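S.K.: Here it is: the structure, laid out below.
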Amino acid sequence: MAKYQFAVSVRPQFLPDYSDASEERFMFAYTVTIKNTGDAKAQLLSRHWIITDANNKVEEVEGDGVVGEQPVLEPGEAFEYTSGCPLETPVGSMRGTYHCVGVDGTHFEANIPEFVLSKPSALH
């Protein structure tokens, strides 16, 4: 087991009440679970998202923490939050990394696996 390691999983959801196809506005929520799968305490410092829509328009978002927090996780502990993302198309994807630091000052990256944002029936 790695000394410092976070596992990330994401559950996306389309938000029809906040979307308007005639205005090319499709709103999505996503719930992220970050679990410390390493064997030492570590903290999430910042995020870097790469958001791509169906027109291959790419937007990068960087910033401190997540939802205003920089959680510190003990081994086996998890942190969950929900955020949102608007797209101009009914389908897109997100991926990225969290920049983290261990208790001894060691910096490491936690990969956010790519996931699809899709309006129901948009891909079928």
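S.K.: Filter region 111-124 for residues that are polar (S, T, N, Q) and modelled with pLDDT of 95 or more and give the result. First the steps, then the outcome.
M.R.: Just the residues of region 111-124 that are polar (S, T, N, Q), to begin with: 111, 118, 121.
Selection gives Asn111, Ser118.
S.K.: Filter region 49-67 down to the residues that are under 14 Å from the mean Cα position of the chain (by Cα) and not β-branched (Val, Ile, Thr), then identify the one that is surrounded by the most Cβ atoms within 10 Å (Cβ to Cβ). Outline the logic, then answer.
M.R.: From region 49-67, those under 14 Å from the mean Cα position of the chain (by Cα) are 49-52, 59-67; that's our starting set.
The next check asks that each one be not β-branched (Val, Ile, Thr); those that pass are 49, 59-60, 62-65.
Values: Trp49: 17, Glu59: 14, Glu60: 9, Glu62: 11, Gly63: 10, Asp64: 12, Gly65: 15.
Within region 49-67, the match that is surrounded by the most Cβ atoms within 10 Å (Cβ to Cβ) is Trp49.
S.K.: Can you tell me which residues in region 17-47 are surrounded by 15 or more Cβ atoms within 10 Å (Cβ to Cβ), more than 18 Å from Glu59 (Cβ to Cβ) and small (Gly, Ala, Ser)?
M.R.: Gly38, Ala40, Ala42
S.K.: What are the pairs, 6+ residues apart or on separate chains, where a residue within region 74-100 that is among the acidic types (Asp, Glu) has its Cβ under 7 Å from a residue that is part of a strand (DSSP E or B) and exposed (fewer than 15 other Cβ atoms within 10 Å of the Cβ)?
M.R.: Glu80/Thr31; Glu80/Thr33
The values are calculated or read from the model by the stated rules, or taken from the named source; none is laboratory data. As the structure is a prediction and not an experimental result, all values here were calculated from the model. Glycine gets a Cβ as well: all are built from the backbone with ideal geometry, and neighbour counts include every protein chain shown.
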